[in-house]
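A short write-up of the structure that comes next.
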Amino acid sequence: MDILSLLGLLLGFGAILGGQALEGGHIASLINGPAALIVLGGTVGAVMLQSPLSVFMSSLKMALWVVFPPKLKGEEAIEKILEWSNIARKEGLLGLEEVAENEPDPFAQKGLQLLVDGSEPEIIRRVMEVELDAKEHHGNEAAKVFENMGGYCPTIGIIGAVMGLIHVMQNLADPSKLGSGIATAFVATIYGVGLANLLFLPIAGKLKSKVHAQSQMSEMIIEGVISIAEGENPRNIETKLRGFVG
């Protein structure tokens with residue numbers, strides 16, 4: 001669990017609500033159903049219109065990474081690669097065939113299979129980098145869904161504010177309806193700006209950092225597989241791979 005994300009979320013919203021309370025305002029005054037419907041509904045609708053279904057669904061799954069990020073076991077990966085290297089030196093590349101069949105990581109399994117097939121190092125690098133680029137691109141596109149939410153949200157908040165003011169102007173003769181219209185106008189703006197800067201944009205940044213970290217792990221696997229294909233000494237391979245987790 002990413003405790004820092006939870007603390008940041010609590011601190012960000014807590015500071016806003018705490019400041020409201022210290023100024024003598026009521027927290028309940030920031031709760032407005034119509035404003036929330038306009039801002040959240042409008043923002044999600046705009047992003048759904050912009051995003052392909054696969055990317056949108058991926059973004060929802062990746063949102064869990066903010067609190068429950070995927071575990072990147074760099075040290076274990078290095079030990080695994082060194083084990084592959086020792087097997088290759090003792091039994092030859094064909095000795096990795098059984099290892100490839102039992103490897104749970106599809107990316108690493110593809111690299112091992114290319115080794116077993118006797119592919120040239122440059123071919124291995126080219127094939128694996130194509131898959132890495134595609135995977136990284138898809139992850140960044142999913143993260144951009146929240147980035148786009150952060151872009152649309154303040155504008156939708158302004159739309160909510162204008163709608164609230166229109167409601168006020170239409171009911172100037174009825175003072176009982178002025179309060180709710182003005183509240184919707186100002187609260188919608190708060191929702192738009194607040195959600196963009198306290199939630200959506202930070203989530204996008206966090207997801208991009210996780211995608212980058214995963215890509216680094218994949219690059220480490222590529223370098224390890226290439227080093228094995230070139231017959232490098234396991235000690236040299238370890239020294240090279242340590243740079244990815246330092």
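None of the figures in this text is laboratory data; all of them are computed from the coordinates on show. Only a predicted model underlies this, so the values are computations on that prediction, with no experimental measurement involved. Don't worry about glycine lacking a Cβ; one is built from the backbone with ideal geometry, like all the others, and counts go over all protein chains shown.
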*Could you calculate the FRET efficiency of Lys71 with Leu94 from 1/(1 + (r/R0)^6), where r is the beta carbon distance between them and R0 is 35 Å, rounded to 0.05?*
0.65
*Which value, in debye to the nearest 20, describes the size of the charge dipole of the range 14-171 about its Cα centre when Lys and Arg Cβ atoms bear +1, Asp and Glu Cβ atoms bear -1, and nothing else is charged?*
800
*Sketch the reach of a paramagnetic label on Gln109 as a point 7 Å from Cα along Cα-to-Cβ, and name the residues of the range 214-231 whose backbone nitrogen lies under 19 Å away.*
218-219, 221-222, 225
*Along the positive direction of the dipole of the chain (beta-carbon charges: Lys, Arg +1; Asp, Glu -1; about the Cα centre), which of Ser176, Pro121, Pro70 reaches farthest?*
Ser176
*Grab the DSSP H runs of the chain that are 4 residues or longer, score each as -39,500 (n - 2.57), total them, divide by all residues and round the 222 nm result to the nearest 500 deg cm²/dmol.*
-26500 deg cm²/dmol
*Cβ-derived FRET efficiency at R0 25 Å, Glu23 paired with Ala173, nearest 0.05*: 0.20
_Residues Phe107, Phe68 arranged by fewest to most Cβ contacts within 10 Å_ = Phe68, Phe107
*lysines near Lys210 by alpha-carbon distance under 23 Å, same-chain residues fewer than 8 away left out - which ones?*
Lys61, Lys71, Lys73, Lys80, Lys110, Lys135, Lys144, Lys240
*For the chain, modelled as a Gaussian network with Cα springs under 10 Å, which listed residue fluctuates most, Ala183, Ala204, Ala21?*
Ala21
*What's the longest piece of the chain with no exposed trypsin sites (Lys or Arg not before Pro), counting a site as exposed if DSSP puts it in a loop and it has at most 16 other beta carbons within 10 Å?*
74-246
*Computed over the Cα atoms of the range 1-124, what is the ratio Rg over Rh, Rh following Kirkwood?*
1.26
